[in-house]
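Please read the structure below before turning to the comments.
The values are calculated or read from the model by the stated rules, or taken from the named source; none is laboratory data. Note that the structure is predicted; figures quoted are calculated from it, not measured. Don't worry about glycine lacking a Cβ; one is built from the backbone with ideal geometry, like all the others, and counts go over all protein chains shown.
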Amino acid sequence: MPRKTILRTITLLSAASFFFALHGAAQEAQEPSVAEAAKRTRTQQKTAGKSAAIITNDTLKPAPADDVPAKPESLPTPAPDASHAQTCPCENNAAATNPAPSSEAQAKKKKEIDDLKQQIADTQQQVDLQKRELALENDSYYSKVDFASDKAGKAKLDTMQDDLKQKQDDLAKLKAKLAELAPQEATKTTPANP
């Protein structure tokens with residue numbers, strides 16, 4: 001009987017030592033791979049260096065004034081003679097129907113453009129504010145555990161999204177109107193990062 005007990009004990013001890021040896025070998029195998037992964041990450045970060053610079057309108061320097069080509073001098077137009085007027089009456093009609101804009105009309109147009117720019121700025125602020133409010137309400141709604149059963153919260157989110165879409169459409173219409181009135185002004189008010 002003692003011999004059976006000894007054999008069982010030896011078998012159990014050898015099985016346990018084999019198990020611990022495998023477990024230890026597995027841990028040793030994992031440690032170098034984690035260390036190697038960390039080492040590879042560090043070397044990749046070193047070799048990657050600095051990220052590429054992003055160039056925007058703000059980072060570019062404006063061109064010096066002397067590089068701007070001068071406007072061509074307006075050439076004097078010869079006075080039309082009587083024979084030319086008889087053969088081409090279209091020039092006389094064009095001059096009569098399209099008079100040069102008066103300073104009063106220019107001032108009115110400038111005021112209209114300035115008012116439009118102010119409306120665009122106000123609408124842009126409202127759009128930005130509504131985007132922030134929608135993001136906060138969205139976070140609040142989805143942070144609830146039972147958000148799917150909150151019908152009032154979902155309706156409020158949908159209404160806020162519709163309001164934001166309407167404001168964005170209004171802003172696009174205002175910008176299109178400004179582009180019609182003064183194309184050079186429309187490019188100045190359009191943000192670089194929408």
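What to note about this one:
- Here A155 meets the list (1) modelled with pLDDT under 90; (2) over 21 Å from the mean Cα position of the chain (by Cα) almost entirely, failing just condition (1).
- Checked against the criteria, E112 does not count as closer than 29 Å to N57 by Cα, at pLDDT below 85 and touching a helix residue (DSSP H, G or I) at 6+ places or on another chain (Cβ under 8 Å).
- You will find that of D158, D139, D122, the residue that is surrounded by 11 or more Cβ atoms within 10 Å (Cβ to Cβ), without any contact (Cβ under 8 Å) to a residue 24 or more places away in the chain and out of contact with any helix residue (DSSP H, G or I) (no Cβ under 7 Å at 6 or more places or on another chain) is D122 and no other.
- Filter result for S149 (more than 21 Å from the chain's Cα centre (by Cα), surrounded by 10 or more Cβ atoms within 10 Å (Cβ to Cβ), small (G, A, S) and at negative phi): no
- For the condition at pLDDT below 90 and surrounded by 10 or more Cβ atoms within 10 Å (Cβ to Cβ), K144 qualifies.
- Only one of the listed residues (P32, P69, P80) is touching an Asp or Glu at 6+ places or on another chain (Cβ under 8 Å) and at pLDDT below 65. That residue is P80.
- A residue that is in contact with a Leu (Cβ under 9 Å, 6 or more places away or on another chain), among the charged types (D, E, K, R) and in a helix (DSSP H, G or I) can be found somewhere in the range 159-167.
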